[in-house]
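Since the structure comes first, as structure tokens, the remarks are kept for the end.
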Amino acid sequence: MNNREVFTKEYSPESTTEAEDKKTELVIQEKTLLPNESGTRSVDISNAEKTQNQTGTGGISYYDKSKPYRIKIKAKEIKK
Amino acid sequence: MNVLRQRLGRVCQGDIYKDVEFIEYVITQRGSIEISKIMFPFIIVLTQDCDLEQDSKIRFKKIKSETADKLILSVLVAPLYNVEHVYSGEHLKQLGIQMQMINKNKTSGNNLRNNETPRYHYIEFPSSVSMVPSVIDFKHYFSVNVEYLRRKKSDFICRVPPLFREDLSQRFASFLSRIGLPEMKKETTSEHV
């Protein structure tokens, strides 16, 4: 079994063979955008997008979409 | 350089797409998953067009074949950066990477724009395309899934036309196949005894 098949089996509710009461779902715990700074930055506002840090720590970050940027997503499997 | 605005029904060499993901890593542990990905504003397809055409024919069963040895697993692409950002060395600033500055008014800047710097390929677009003069960094090439790129029809910008795309392809191949020679020590008299 290659890595791709393992990922699909473990994290895709449609492909699970477990009983209904044991079904799991993926819940996004954290989605951060870097750089993660509070306050405004001196960027060209026409290319910037306002986004809120979804980890719950608050603050508004701006990033310049004309340059590469990084996204990190953390998710945890929970039982329904 | 004139560009082609109409997208063909398949991914082609020289295609430029916007907002393409590069997966840095995926970590799975005890029911948790962490994904880190980089969003590139613009990329250009570098894979040879004959390979892309053959893959498309097999993938969409346009030709019958008992084997699928023409299928490709991924497409080689490279990012395009705003040339002004490249001059200031800040095109990867949001990734925490400071790049070398290039003085646009001196030899290094002229070499860049004349495509005499092996690592970079400079492109200017016609006014009909909303793209600033850009630089392709061959060192930052990466691969994306064929199906992923094919589905990004709405993110297609334009395509570099034939001859110009062959020039790009040839320069990329030359960059990849460059050989770094070691520095030779100066011979001394004692070494010949």
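Per-structure values
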{"quantity": "Dipole magnitude (debye, nearest 20) for region B:63-166, charges at Cβ of Lys, Arg, Asp, Glu", "calculated": "120 debye"}
{"quantity": "Counted charge near B:ILE16, where neighbours are those whose Cβ lies closer than 12 Å (Asp, Glu -1; Lys, Arg +1)", "calculated": "+3"}
{"quantity": "Portion, in percent, of the accessible area of region B:1-100 that falls on carbon or sulfur, probe 1.4 Å", "calculated": "49 percent"}
{"quantity": "Extended-chain gain in nm, criterion 0.36 nm per residue less alpha-carbon gap, B:LEU8 and B:SER32", "calculated": "4.6 nm"}
{"quantity": "Cα-based helix-to-principal-axis angle, B:49-59 vs chain B, degrees rounded to 10", "calculated": "30 degrees"}
{"quantity": "Neighbour cut-off at most 13 other Cβ (10 Å), DSSP loop, trypsin sites (Lys or Arg not before Pro), region B:100-134", "calculated": "B:LYS106"}
{"quantity": "Chain B, relative contact order in percent, only Cα pairs under 8 angstrom and at least six apart counted", "calculated": "27 percent"}
{"quantity": "Solvent-accessible area buried by A and B, counting both chains, probe 1.4 angstrom, square angstrom", "calculated": "2100 Å²"}
{"quantity": "Estimated vicinal HN-Hα couplings, Hz - region B:35-41 in sequence order (Karplus 6.51, -1.76, 1.60; Gly, Pro = x)", "calculated": "10, 10, 9, 10, 9, 9, x"}
{"quantity": "Computed lengthening from B:ILE179 to B:ILE97, 0.36 nm per intervening residue step minus Cα-Cα distance", "calculated": "26.9 nm"}
{"quantity": "Members of A:LYS65/B:LYS93; A:LYS74/B:LYS18; B:LYS18/B:LYS152; A:LYS76/B:LYS37; A:LYS74/B:LYS139 lying beyond 20 Å, as alpha-carbon distances in this model show", "calculated": "A:LYS74/B:LYS18; A:LYS74/B:LYS139"}
{"quantity": "Inter-label distance for B:GLN170 and B:LEU73, nm, one decimal - labels placed 7 Å from Cα along Cα-to-Cβ", "calculated": "3.1 nm"}
{"quantity": "Prolate/oblate/rounded label for region B:32-73 (Cα gyration tensor, a/c 1.5)", "calculated": "oblate"}
{"quantity": "Cut-off under 5 Å, modelled amide H: who pairs with B:THR47 long-range", "calculated": "B:LEU76"}
{"quantity": "Estimated distance in nm for a label pair at B:LYS64 and B:GLN48, the labels positioned 7 Å out from Cα along Cα-to-Cβ", "calculated": "2.8 nm"}
{"quantity": "Signed unit charges on C-beta, dipole axis of region B:68-193, positive-most listed residue B:TYR81, B:ASN145, B:GLN94", "calculated": "B:ASN145"}
{"quantity": "In nm, spacing of pseudo-spin labels at A:ILE71 and B:THR107 (7 Å Cα→C-beta vector)", "calculated": "4.4 nm"}
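The values are calculated or read from the model by the stated rules, or taken from the named source; none is laboratory data. Note that the structure is a prediction, hence the values are computed from the model and not measured. So basically every Cβ, Gly included, is an ideal-geometry build from the backbone, and we count neighbours across all protein chains shown. Note: accessible area is taken over every heavy atom of the protein model, side chains too, but ligands, DNA and RNA are not part of it. Shrake-Rupley method; radii C 1.70, N 1.55, O 1.52, S 1.80 Å.
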